[in-house]
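The values are calculated or read from the model by the stated rules, or taken from the named source; none is laboratory data. Model, not experiment: these values are computed from the prediction. Note that each Cβ is placed from the backbone with ideal geometry, even for glycine, and that neighbours are counted across all protein chains shown.
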Amino acid sequence: MATAQNKKASGETGFLYLPLIAGWLVPGAGHFLLRKWFRGALLSASIFGMFAIGIAMQGKVYAGAHDILELLGLAGDLGNGLLYIVSRVLGLGADQIQVTTADYGTRFIVVAGLLNVIAAVDAHRLRTGRKA
Amino acid sequence: MFKPSHFAAVVLFALFASMVFGITQRETPRRMVHYGLYCFVLFVGSVVVLSWLMFLIAR
């Protein structure tokens, strides 16, 4: 009984892939669901911060894939989950890269997406018990 | 528009990436901090070394 209550309290019941999906859609949400508040807050701050700085540097948000490099960029951007969708809806970021800092901004946005995928997979590992 | 210097951009990138690497790649808080610092030093250190190398090659 106590074990079941502990599991329920730590979010270890219900849909197995919920922390993975939530963590992908909203940075840090997977860890918040598992009551890893501090880890989730740090991950969230890092990924939100990196994405926001990329946008502030007028980085490009990939909208389509005309060649293999753009396809890779789009795949990285999609890792941001809802952040990507919101930025596309609001028209954030630049269409064309015109200055060096904008090129860095584009990398910041792509890497924020890749880091978010790592964080979401980490939440899944916590959920399945592969990580403490 | 936010326009950091090249070095500031590197430090920001290293800071955020190291935090995520530290938290996700290690199990205990103490090891997370150590690994995060290790990644940060490697990120920034490799940039400084490679920058000097490119500077010397370009001369």
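Give the residue that is farthest from residue A:71 (Cα to Cα), with candidates limited to residues of segment A:91-105 that are more than 9 Å from chain B (Cβ to nearest Cβ) and in contact with a helix residue (DSSP H, G or I) (Cβ under 7 Å, 6 or more places away or on another chain). Talk me through it step by step, then tell me what you get.
The first filter runs over segment A:91-105 and keeps only residues more than 9 Å from chain B (Cβ to nearest Cβ), leaving A:91-98, A:103.
From what's left, in contact with a helix residue (DSSP H, G or I) (Cβ under 7 Å, 6 or more places away or on another chain): A:92-94, A:97.
Values: A:92: 19, A:93: 17, A:94: 17, A:97: 17 Å.
Selected residue: A:92.
Might you check whether a residue that is farther than 24 Å from residue B:1 by Cβ, within 14 Å of chain B (Cβ to nearest Cβ), without any contact (Cβ under 8 Å) to a residue 12 or more places away in the chain and out of contact with any Asp or Glu (no Cβ under 9 Å at 6 or more places or on another chain) occurs anywhere in segment A:57-65? Within segment A:57-65 (the criterion being farther than 24 Å from residue B:1 by Cβ, within 14 Å of chain B (Cβ to nearest Cβ), without any contact (Cβ under 8 Å) to a residue 12 or more places away in the chain and out of contact with any Asp or Glu (no Cβ under 9 Å at 6 or more places or on another chain)), the answer is no, since none of the residues qualifies. Scanning segment B:23-36 for residues that are closer than 22 Å to residue A:23 by Cα, charged (D, E, K, R) and more than 8 Å from chain A (Cβ to nearest Cβ) turns up just one, B:26.
If the condition is being assigned to a helix (DSSP H, G or I) and closer than 19 Å to residue A:123 by Cβ, then segment B:19-55 contributes B:19, B:20, B:21, B:22, B:23, B:24, B:25, B:29, B:31, B:32, B:35, B:36. Within segment A:56-113, the set of residues being among the hydroxyl-bearing types (Ser, Thr, Tyr) and either at pLDDT 95 or above or buried (at least 19 other Cβ atoms within 10 Å of the Cβ) (or both) comprises A:62, A:84, A:87, A:101, A:104, A:106. The combined condition, being at the interface with another protein chain (Cβ under 9 Å from one of its Cβ atoms), within 28 Å of residue A:99 (Cβ to Cβ), of a type in the set (Val, Ile, Thr) and surrounded by 13 or more Cβ atoms within 10 Å (Cβ to Cβ), is fulfilled by residue B:20.
Please identify the pairs in which a residue from segment A:104-132 that is under 19 Å from residue B:8 (Cβ atoms) has its Cβ atom under 8 Å from the Cβ atom of a residue that is surrounded by 18 or more Cβ atoms within 10 Å (Cβ to Cβ) and basic (Lys, Arg), counting only partners at least 6 apart or on another chain. Final answer for the pair search is A:105/A:60; A:106/A:60; A:109/A:60. What residue, among those in segment A:16-37 that are closer than 16 Å to residue A:80 by Cβ and not in a helix (DSSP H, G or I), is farthest from the other protein chains (Cβ to nearest Cβ)? That would be A:26. Note on segment A:38-54: residues that are more than 9 Å from chain B (Cβ to nearest Cβ) and polar (S, T, N, Q) amount to 1.
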